[in-house]
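Shown next, in structure tokens, is the structure this report addresses.
The values are calculated or read from the model by the stated rules, or taken from the named source; none is laboratory data. Note that the structure is predicted; figures quoted are calculated from it, not measured. No Cβ is skipped: glycine too gets one built from the backbone with ideal geometry, and neighbour counts run over all protein chains shown.
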Amino acid sequence: QEYTGIKCRVEKWSEKAQQDLFGKLPDGANVYMIPATLRPETMYGQSNLFVSPNIVYGIFKVSDDAYFFMTDKAARNMAFQDIFPKWGEFPRVTSLKGSDVIGSLVNAPLSRQGNVYVVPMETIKETKGTGVVTSVPSDSPDDYAMTVELNKKAEFYGIKPEWVSLDILPIIETPGYGDLIAPALVKRMKINSPKDAKQLAEAKEQAYKLGFYQGKMIHGEFTGKPVQEAKGLVRQSLLDSGDAIVYCEPDGVAISRSG
Ligand code: ZZB
């Protein structure tokens, strides 16, 4: 699986993270949270960053002034993909629990808001991607369902309601589903909660398929272009600007050096 890893620079840590990190990183160090996405063309619509409150994440040194926040497993994989300076090495500076970084503010490249809040998503799988997920409620049914849930039960989740906006930016138009396919599918399939796993999986498959084959960009630099075309263009532009990296997930047991 080939993902695009988006470099979301931490602009302000949550209070808990600030305390935990005190003295652990050099002055002026940039820490990037790295959501792994298959939909770089949707980055205009990022409205939050999701972490799992229960996952322990690492902060790994990738250069003198750049550090990545992600799971150990992702770091280990990246160590074999020319992302770290030394082959096979992924120096961990410290670890933080997802719950400790909730409320941090990060930069979300290409997004309308610029900076977005880190909020919890319990259904994140530790074994997939980087364990960090960027929220695009316009085009991802999971993200939309979680956004509604967080907004409704902010206090329960330990967040402020204003961290999660229900003013969702339309970025892709899909015939028959309008310009907000994820909310449309969630409504049509009567999905009530982020825990409706089976229906959400079905909605996600639909949204992937319809978006890819029939979607057309209605926001950003590639407005008017089909998603199929914009996907690669947005991705390349994020890579060129240094706002993204390529991250591949091996699906076999052995990791071999290639290319
Ligand atoms: C932004 C985005 C916008 C995504 C969209 C999807 C959609 P998949 O399809 O199962 O391979 N994701 C990434 N890592 C995780 C994780 N560890 N646990 C749970 N979800 C994760 O998963 C890839 C997609 O699932 C990624 O692409 C990410 O969300 C999320 F409009 O990034 B995506 C119809 C989907 N639309």
Residue ID - farthest from Q236 (Cα to Cα), chosen from residues in the stretch 48-72 that are under 10 Å from the mean Cα position of the chain (by Cα) and more than 9 Å from the ligand (Cβ to nearest atom): V51
Which pairs turn up if I take residues in the stretch 140-163 that are more than 16 Å from the ligand (Cβ to nearest atom) and look for partners that are among the charged types (D, E, K, R) and not in a helix (DSSP H, G or I) with beta carbon separation below 8 Å, at least 6 apart in sequence or on another chain? A154/K160
Residue set F50, F60, F69, F22; condition buried (at least 24 other Cβ atoms within 10 Å of the Cβ) and either without any contact (Cβ under 8 Å) to a residue 40 or more places away in the chain or of a type in the set (V, I, T) (or both); output residue F60
Output the number of residues of the stretch 152-175 satisfying the condition of being touching a Leu at 6+ places or on another chain (Cβ under 8 Å) and in a loop (DSSP other than H, G, I, E, B). 4
Looking only at the stretch 72-122, and only at residues there that are free of Cβ contacts under 8 Å to residues at least 40 places away in the same chain and of a type in the set (D, E, K, R), the one that is nearest to V148 (Cα to Cα): D72
Long-range neighbours under 6 Å by Cβ, at least six apart or interchain, first residue more than 17 Å from K152 (Cβ to Cβ) and among the basic types (K, R) within the stretch 182-210, second within 13 Å of the ligand (Cβ to nearest atom) and modelled with pLDDT of 95 or more: K204/P141
Please go through the stretch 215-234 and pick out each residue that is closer than 15 Å to S111 by Cα and either aliphatic (A, V, I, L, M) or touching a Cys at 6+ places or on another chain (Cβ under 7 Å) (or both). M217, I218, V234
A careful count of residues in the stretch 1-40 that are within 11 Å of the ligand (Cβ to nearest atom) and not in a strand (DSSP E or B) gives 6
Based on this model, can you work out whether G242 counts as more than 23 Å from G129 (Cβ to Cβ), among the small types (G, A, S) and outside any helix (DSSP H, G or I)? no
Name the one entry in K216, K231, K198, K204 that is of a type in the set (D, E, K, R) and exposed (fewer than 12 other Cβ atoms within 10 Å of the Cβ). K198
Quick check on G129: is it touching a residue at least 40 places away in the same chain (Cβ under 8 Å), more than 15 Å from the ligand (Cβ to nearest atom), under 16 Å from the mean Cα position of the chain (by Cα) and not in a strand (DSSP E or B)? no
Checking V93, V31 in turn, the sole residue that is over 16 Å from the mean Cα position of the chain (by Cα) and at pLDDT 95 or above turns out to be V93
Given the conditions (1) in contact (Cβ under 8 Å) with a residue 60 or more places away in the chain; (2) outside any helix (DSSP H, G or I); (3) surrounded by 20 or more Cβ atoms within 10 Å (Cβ to Cβ), report the number of the one that D251 does not fulfil. (3)
Those residues that are more than 19 Å from the chain's Cα centre (by Cα), closer than 21 Å to I124 by Cβ and not in a helix (DSSP H, G or I), I need them from the stretch 176-194; list them, please. I191, N192, S193
